[in-house]
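As C-alpha cells, the structure follows; a few thoughts come after it.
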Amino acid sequence: MINQAVPADFIADHTALMAPPLVPELQLHLATETVEIWQHTEEALGEMGLPPPFWAFAWAGGQALARYVIDNPDIVAGQRVLDFAAGGAIAGLGAAKAGARAIIASELDAFAIAACQANAQANGCEIDTVLGDIVGTDEGWDVVLAGDVFYEDEPARHIGGWLESLARRGARVLIGDPGRSFLPRGKLDRLAEYSVPVTRDLEDREIRQAKVWQFKRA
C-alpha cells in the first residue's frame with residue numbers, strides 16, 4: 001500500500017538518480033523499470049485520486065527545454081522562471097543551472113512536487129513548489145517553461161489560452177513539444193529542434209524529434 005503521506009519515501013524506493021540523455025548536466029530521480037512502476041502505482045494512486053507517475057520520466061519536451069535554456073542562458077539568467085506542469089522539474093532545473101534568479105515549479109500531483117524537491121536537492125539547486133492548478137493566474141513570471149502539455153484537446157485549449165495571455169503581457173513563454181497533436185503552431189515561433197532519446201515503453205520509439213517553441217508576444 002502506498003502511503004500518501006510520504007511520497008518522498010516512495011520516490012526513493014522506486015527510482016534511481018540518473019542523467020537524462022539530452023541533459024547530462026542534471027541528475028533526476030527516474031524510473032528504472034517503466035512498466036513496473038506504472039503497474040505498481042496505477043491502482044493505488046488511482047484510489048487516492050492522483051495521476052499516474054508522469055514525474056518519474058524525462059519526457060522529450062522537458063528535455064528539449066532544459067537543453068535549450070542551458071545552451072542559451074541569457075534567456076533565463078537573473079529572471080523569475082515558472083516551470084509549469086513541471087513533472088520532475090527538469091526544465092526548471094535547467095533554468096537554475098543557467099542562472100535563473102528564482103524557480104517556481106507547479107504541479108497538480110503531490111508526488112510530482114516531492115520529485116521536484118528531491119531533484120532540486122540532488123542538483124544543489126533551490127526551487128519553490130506550488131501544488132495546485134495555477135492556470136488563469138499570473139504572478140509576474142519573466143519566463144514560463146511548459147513541456148509536453150499539449151496532448152489532449154480541451155486541456156490544450158485551456159492551457160494554451162492562458163499561456164498566450166502571459167505572452168501578450170510580456171512574459172517569454174517557451175514550449176517543449178515532441179509533435180503532440182494539439183500544439184497551437186500558428187501562435188508559436190520555432191526556436192530549436194533536438195533528437196531526444198526516449199523510453200520505448202512510453203513513446204513506442206527510441207528517438208523523438210522535440211522542438212522548442214515560443215509564444216508570439218504582442
Estimate the FRET efficiency between residue 139 and residue 19 by the formula 1/(1 + (r/R0)^6), using the beta-carbon distance for r and 25 Å for R0, to the nearest 0.05. 0.20
If we count every other residue with Cβ under 11 angstrom of residue 183's Cβ, Lys/Arg +1 and Asp/Glu -1, where does the sum land? +3
To the nearest 0.05, what FRET efficiency results for residue 102 and residue 207 with a Förster distance of 22 Å applied to their C-beta separation? 0.05
Give the value in nm², to one decimal: projected area of the alpha carbon convex hull of the chain, averaged over all directions. 10.9 nm²
Using a cut-off of 27 Å between alpha-carbon atoms, which lysines can reach residue 187, once sequence neighbours fewer than 8 places away in the same chain are excluded? 211, 216
Net charge near residue 8 (other residues with Cβ under 15 Å of its Cβ; Lys, Arg +1; Asp, Glu -1) is -4
Select from 98, 12, 120 the residue whose mean-square fluctuation is largest in a Gaussian network model of the chain (Cα-Cα springs shorter than 10 Å). 12
When 181, 106, 165 are ranked with the fewest other C-beta atoms within 10 Å first, the list becomes 181, 165, 106
Coil-residue trypsin sites (Lys or Arg not before Pro) of the stretch 67-172, DSSP, other Cβ within 10 Å capped at 15: 101, 169
Using the Cα centre of the chain as the reference point, and only Cβ charges (+1 on K/R, -1 on D/E), how large is the resulting charge dipole? Debye, rounded to the nearest 20. 1180 debye
With a 10 Å cut-off between alpha carbons and a GNM built on the chain, which of 16, 114, 105 moves the most? 16
GNM flexibility winner over the chain from 147, 176, 99 (Cα, springs under 10 Å): 99
Among DSSP beta bridges whose residues both lie in the chain, state the antiparallel percentage, nearest 5. 50 percent
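Only the coordinates and a few stated rules stand behind these numbers; no lab work does. Since the structure is predicted, the reported quantities are computational estimates derived from the model, not experimental observations. Note that each Cβ is placed from the backbone with ideal geometry, even for glycine, and that neighbours are counted across all protein chains shown.
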